[in-house]
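Single-structure report; data block below.
The values are calculated or read from the model by the stated rules, or taken from the named source; none is laboratory data. Owing to the predicted nature of the structure, the values given are computational and were not obtained by experimental measurement. Backbone-built Cβ (ideal geometry, glycine too); neighbour counts: all protein chains shown. With ligands, DNA and RNA removed, areas are computed over all heavy atoms of the protein, side chains included. Shrake-Rupley method; radii C 1.70, N 1.55, O 1.52, S 1.80 Å.
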Amino acid sequence: MCWSATADLVAGTAIAGVGVACVARARRTGDLPLAALPLLLGTHQLVEAWVWHAGGGTGPATVAWTVIAFPLLAVWVPAGVLCAAPRHARRRLVVPLAIGVATAAALTYALATRTVRAEIRGHTVGYVLGLSHGGLLVAGYLVATVGSLLLSGDRRLRGLGLLAGVGALVCWALWRLEFVSTWCAFAAVCSVVVLGWTRRRYSRRSWWSCYQDR
């Protein structure tokens, strides 16, 4: 979420550009899902620019935004981390992936049986779905996304996990105050971290270790 349609449009374009650079650097098939994460986040921002333009409501832009934010990311992040992780870390990463799949299934069911509505609230957008057991779903979502990064066995990805956990709290607090949404800035910072991960992963010194993880 950003504070205006223009901010979403600018941030989404920039973040998607970082995603293209990350994907271009990836040389292992297993690294592609995680390398493409900034591309997904950038697309998410562009979709929300559409939500702003539509004035919120229950239209296709709102549904698309919610599908990406809720079930898709709950699976994409832990699956991407699992695919990119070294062999010794993969077994423990099955747990956050399984939790992500279960959480995504519950969120998908909610989206299929309820109407999601976007509300323009000053400099923020609120998405209302009326989830049952919301606390449990949030916990599962965080274990799947932040937890998988922390268990990745990669120093940069662990740093991204810490950043994601702290950033989520800050974004949530500012959103609750209806002061301003900072998600686009947070997504941009995370995307730069992923770009740094791809650069380091394919530096001359680390190329052989990446090849061995195939």
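Just to verify a result, which residue in segment 126-148, among those that are in a helix (DSSP H, G or I) and out of contact with any helix residue (DSSP H, G or I) (no Cβ under 7 Å at 6 or more places or on another chain), is most open to solvent (accessible area, probe 1.4 Å)?
Here the answer is Leu136.
Against the conditions (1) surrounded by 17 or more Cβ atoms within 10 Å (Cβ to Cβ); (2) out of contact with any Cys (no Cβ under 6 Å at 6 or more places or on another chain); (3) not β-branched (Val, Ile, Thr), where does Gln45 fall short? Just the number, please.
Condition not satisfied by Gln45: (2).
For (1) out of contact with any Ser or Thr (no Cβ under 8 Å at 6 or more places or on another chain); (2) at pLDDT 95 or above, each residue gets a yes or a no:
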| site | (1), (2) |
| --- | --- |
| Thr66 | yes, no |
| Val75 | yes, yes |
| Val81 | no, yes |
| His88 | yes, no |
| Leu93 | no, yes |
| Pro96 | no, yes |
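Restricting the search to segment 154-172, which residues are within 18 Å of Ile99 (Cβ to Cβ), open to solvent by less than 30 Å² (accessible area, probe 1.4 Å) and modelled with pLDDT under 90?
Once the filter is applied, which keeps residues that are within 18 Å of Ile99 (Cβ to Cβ), open to solvent by less than 30 Å² (accessible area, probe 1.4 Å) and modelled with pLDDT under 90, segment 154-172 yields Ala164, Gly165.
Looking at (1) buried (at least 21 other Cβ atoms within 10 Å of the Cβ); (2) touching a strand residue (DSSP E or B) at 6+ places or on another chain (Cβ under 8 Å); (3) assigned to a helix (DSSP H, G or I), which one does Ala69 not meet, given that it meets all the others?
The number of the failed condition is (1).
Suppose we filter segment 1-42 for residues that are among the basic types (Lys, Arg) and open to solvent by 30 Å² or more (accessible area, probe 1.4 Å); how many remain?
Adding up the residues that qualify gives 2.
Sort out which residues of segment 107-125 are open to solvent by 40 Å² or more (accessible area, probe 1.4 Å) and assigned to a helix (DSSP H, G or I), and write them in order of number.
Those that are open to solvent by 40 Å² or more (accessible area, probe 1.4 Å) and assigned to a helix (DSSP H, G or I): Thr108, Tyr109, Ala112, Thr113.
From the list Val138, Val101, which one is aliphatic (A, V, I, L, M) and within 22 Å of Thr62 (Cβ to Cβ)?
Step by step, each of Val138, Val101 is checked, and only Val138 is aliphatic (A, V, I, L, M) and within 22 Å of Thr62 (Cβ to Cβ).
Go through (1) buried (at least 20 other Cβ atoms within 10 Å of the Cβ); (2) touching a strand residue (DSSP E or B) at 6+ places or on another chain (Cβ under 8 Å) for Gly56 and report which single condition fails.
Unmet for Gly56, out of (1) buried (at least 20 other Cβ atoms within 10 Å of the Cβ); (2) touching a strand residue (DSSP E or B) at 6+ places or on another chain (Cβ under 8 Å): (1).
Would you mention how many residues in segment 85-105 are within 18 Å of the chain's Cα centre (by Cα) and part of a helix (DSSP H, G or I)?
11
Could you list, in sequence order, all residues of segment 81-106 that are out of contact with any Gly (no Cβ under 8 Å at 6 or more places or on another chain), in contact (Cβ under 8 Å) with a residue 12 or more places away in the chain, buried (at least 16 other Cβ atoms within 10 Å of the Cβ) and within 19 Å of Asp31 (Cβ to Cβ)?
Listed by number, the residues that qualify are Val81, Leu82, Leu93, Leu97.
Those residues that are more than 17 Å from Ala7 (Cα to Cα) and in a helix (DSSP H, G or I), I need them from segment 41-61; list them, please.
Passing the criteria: only Pro60.
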